[in-house]
Amino acid sequence: QVQLVESGGGLVQAGGSLRLSCAASASIFSINAMGWYRQAPGKERELVAAISSSGSTYYVDSVKGRFTISRDNAKNTLYLQMNSLKPEDTAMYYCAASTYSDYVGPKMTMDYWGKGTLVTVSS
């Protein structure tokens, strides 16, 4: 069983930055791919960024060049550095992990989820 706890969300002005963190209760050496998803009010959840155990990454087109995903296996923590934030980035952001697949991409599936952290970007 893996518990994931997100932190780092908040209110920021457009153009600002935030760094999200996701602390895992178990060693992420035992976890394969990890990712950040987001869901805005009235919209479907979407994969924002993902990283494999070997460091391969995936980003949705709308965040390429602005967001950076990384993982620190020694600290059992996943990060999402978000720069040049836009109002359309406003959403609940969720950390997720897969213990059975190292694939990163839009069709990846996860078996553990955090409860989310809210990011609000004002214009």
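The values are calculated or read from the model by the stated rules, or taken from the named source; none is laboratory data. Just so it is clear, the model here is predicted, and its values are computed rather than measured. Positions of Cβ are generated from backbone atoms using ideal geometry, with glycine treated the same way; all protein chains shown enter the neighbour counts. SASA here: full protein model, heavy atoms, side chains in, ligands and nucleic acids out. Shrake-Rupley method; radii C 1.70, N 1.55, O 1.52, S 1.80 Å.
Before moving on, here are some points about what is shown:
- Of Ala74, Ala33, Ala96, the one that fluctuates the most in a GNM where the chain has Cα springs shorter than 10 Å: Ala74
- Mean separation of Cα contacts under 8 Å (6+ apart) over length of the chain, as relative contact order %: 36 percent
- Accessible solvent surface per residue of the stretch 1-58, calculated while the other protein chains remain in place, 1.4 angstrom probe, Å²: 51 Å²
- Among Leu20, Leu80, Leu11, residue whose mean-square fluctuation peaks in a GNM of the chain (springs only between Cα atoms under 10 Å): Leu11
- Across the accessible surface of the chain, with the other protein chains kept in place and a 1.4 Å probe, carbon and sulfur atoms take up 48 percent.
- Dipole of the chain [Lys/Arg +1, Asp/Glu -1 at C-beta], most positive-end residue of Met108, Ala33, Ala91: Ala91
- With the whole protein complex present, Glu88 retains an accessible surface near 120 Å², based on a 1.4 Å probe.
- Lysine pair count for the stretch 23-123 (Cα-Cα distance under 25 Å; residues 8 or more apart in sequence or on different chains): 10.
- For the stretch 37-77: span of alpha carbons on each principal axis (Å, largest first): 37, 20, 15
- For the chain, convex hull volume per residue from C-alpha positions, Å³: 91 Å³
- Length available on full extension from Trp113 to Phe29: 0.36 nm per residue minus the Cα-Cα distance, which gives 28.6 nm.
- Fluctuation leader among Pro41, Pro87, Pro106 - the chain, Gaussian network, Cα springs under 10 angstrom: Pro41
- Average accessible area per residue (Å²) across the stretch 61-106 - probe 1.4 Å, nucleic acids and ligands excluded: 46 Å²
- Inter-label distance for Lys75 and Thr120, nm, one decimal - labels placed 7 Å from Cα along Cα-to-Cβ: 2.7 nm
- Length, then width, then depth: along the principal axes, the Cα atoms of the stretch 66-123 run 40, 25, 21 Å.
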